[in-house]
Every structure is written in structure tokens, then in C-alpha cells.
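Asker: Once you've had a glance at the structure underneath, I'll fire off some questions.
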Amino acid sequence: MPAGSPKGAFGPRLQARIALLSGRFRLTRRETRAVAKSMFGIKISLGSVQACCEAVSAVAAPTTEAIHEEVKHAPEVNADETGFGRCGKKRMWLWVAATKKAEAFRLLPGRGQAQALDLLGEGFSGFLSRDRWKPYEQFKKALHQLCHGHIRRDFKSMLESWGDP
């Protein structure tokens, strides 16, 4: 094979499309295989679907980590977490830290201090817009701002609990 040829049977564009179907559109490996056959006329095994996803993840990893590092050192960050379902037997949470320039996502098995620390880094000291979830309170150097969306929901809930006048 010529130098620079991709390893395996699939080139980078097909690998990217396979990973897009599986990652962004959350198709199962079997559904991704069916779409590849239907749309691209390609027969692909489940193992090859997985290999494509892993190859794309490996290529994207340095960029993903660079973005994550940028977010950790940003002067203003909005942070939140939400349930994502299960990965095997583990309950997973999708954590996000967003700035004006970048967003970092972490899929982690937990919703505690260790995961918040993974998201924002130990020395985070900027403005942190967040909900009232306790793990964010460990960032003592940060200036905390409660998320306006959460506050608005709290007021709406309070007003609705009073009933009609």
C-alpha cells in the first residue's frame, strides 16, 4: 500500500460517516450497519462499525482534549450535567462546560465532585454559571452565578403551587 493509506478496508470519509451515525445520531451498531448498506451500498460487520468509531475517536482525541483544556481556563463557563442512560451496567451522565468560544462534553459514570473536577479542573477560578448542584461548590476560587433558567423554573413552580387566586 502507498504511504499514508488508511489501515483497514475503509477510508477516513466513510469512517467519519459511520462514527457520525453512531455518535451524533445515536444509532446502534446494528442500525449503523443497516444504514451503511442502504445508503452507501456497503456491507460492514458490527466489529468494523466499532473499529470505525474507535478510529475516529482516536483522531479526534487531541482536538477534544485541547478544547477541554481551553474551557478549563476560560474566564466564564456555563456548566451542567444530565442523565445519559447506561453504558453496560453503569449509569452515565453527560457533563458540559460551555463558553462563548467552545464546549467540552464529558460522558462520565457519576454525578459527584470527582466528575465536576474532571469537567472544570482543580484550579478553576472564573465565573461559573450553574444550577444548585452541590459538587460545583468545591470551586472556592470561582465566582458563582445561578443559572437564570433554573431560577425561572423555581419561581414558576412556586407560583403554580399557590394555585389560582
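Asker: Could you tell me which numbered condition G123 fails, if it satisfies all but one of (1) touching a strand residue (DSSP E or B) at 6+ places or on another chain (Cβ under 8 Å); (2) at pLDDT below 95?
Answerer: So the condition that G123 fails would be (1).
Asker: So V49 ticks every box in (1) in a loop (DSSP other than H, G, I, E, B); (2) under 21 Å from the mean Cα position of the chain (by Cα); (3) more than 19 Å from G85 (Cα to Cα); (4) not polar (S, T, N, Q) but one. Which box is left unticked?
Answerer: Condition not satisfied by V49: (1).
Asker: So which strands (runs of 3 or more DSSP E) are wholly in the stretch 61-159 and hold at least 1 residues that are surrounded by 17 or more Cβ atoms within 10 Å (Cβ to Cβ)?
Answerer: Numbers: elements: 76-87, 90-98, 103-108, 127-130, 143-146.
Correct list: 76-87, 90-98, 103-108, 127-130.
Asker: From the residues in the stretch 22-35 that are polar (S, T, N, Q) and without any contact (Cβ under 8 Å) to a residue 24 or more places away in the chain, which one is surrounded by the fewest Cβ atoms within 10 Å (Cβ to Cβ)? Talk me through it step by step, then tell me what you get.
Answerer: Of all residues in the stretch 22-35, those polar (S, T, N, Q) come to 22, 28, 32.
From what's left, without any contact (Cβ under 8 Å) to a residue 24 or more places away in the chain: 28, 32.
Details: T28: 12, T32: 25.
Checked the stretch 22-35; the qualifying residue surrounded by the fewest Cβ atoms within 10 Å (Cβ to Cβ) is T28.
Asker: Here's a check for you: in the stretch 114-165, which residue that is in contact (Cβ under 8 Å) with a residue 24 or more places away in the chain and touching a Leu at 6+ places or on another chain (Cβ under 6 Å) is farthest from L94 (Cα to Cα)?
Answerer: Looking at residues that are in contact (Cβ under 8 Å) with a residue 24 or more places away in the chain and touching a Leu at 6+ places or on another chain (Cβ under 6 Å), I get F127.
Asker: Within the stretch 100-115, how many residues turn out to be under 13 Å from the mean Cα position of the chain (by Cα) and within 14 Å of Q138 (Cα to Cα)? Even if it seems obvious, please write down each step before you answer.
Answerer: Step one: of the stretch 100-115, the residues under 13 Å from the mean Cα position of the chain (by Cα) are 102-109, 115.
Checking which are within 14 Å of Q138 (Cα to Cα) leaves us with 115.
Of the residues in the stretch 100-115, 1 are under 13 Å from the mean Cα position of the chain (by Cα) and within 14 Å of Q138 (Cα to Cα).
Asker: Which residues, counting only those in the stretch 23-69, are more than 29 Å from G121 (Cα to Cα) and either of a type in the set (V, I, T) or assigned by TED's automatic domain parsing to the domain that holds A104 (or both)?
Answerer: Within the stretch 23-69, T28, T32, V35, I42, I44, V49 meet the criteria.
Asker: Just checking, which of S38, S45 is out of contact with any helix residue (DSSP H, G or I) (no Cβ under 9 Å at 6 or more places or on another chain) and without any contact (Cβ under 8 Å) to a residue 60 or more places away in the chain? Steps first, answer last, please.
Answerer: On the way: S45 fails: out of contact with any helix residue (DSSP H, G or I) (no Cβ under 9 Å at 6 or more places or on another chain).
One residue alone meets the criteria, S38.
Asker: Evaluate the following for L20: is it out of contact with any Pro (no Cβ under 7 Å at 6 or more places or on another chain), assigned to a helix (DSSP H, G or I) and not assigned by TED's automatic domain parsing to the domain that holds L119?
Answerer: Yes, satisfied.
Asker: Sticking with this one: Only one of A142, A79 is under 30 Å from F25 (Cβ atoms), at pLDDT 90 or above and in contact with a helix residue (DSSP H, G or I) (Cβ under 9 Å, 6 or more places away or on another chain). Can you tell me which? Let's see the steps before the verdict.
Answerer: Numbers: A142 fails: under 30 Å from F25 (Cβ atoms).
When all the criteria are applied, what remains is A79.
Asker: Moving on. What tally of residues in the stretch 111-165 results from selecting those that are closer than 14 Å to K72 by Cβ and acidic (D, E)?
Answerer: 2
The values are calculated or read from the model by the stated rules, or taken from the named source; none is laboratory data. These figures come from a predicted structure and were not determined experimentally. Note that each Cβ is placed from the backbone with ideal geometry, even for glycine, and that neighbours are counted across all protein chains shown.
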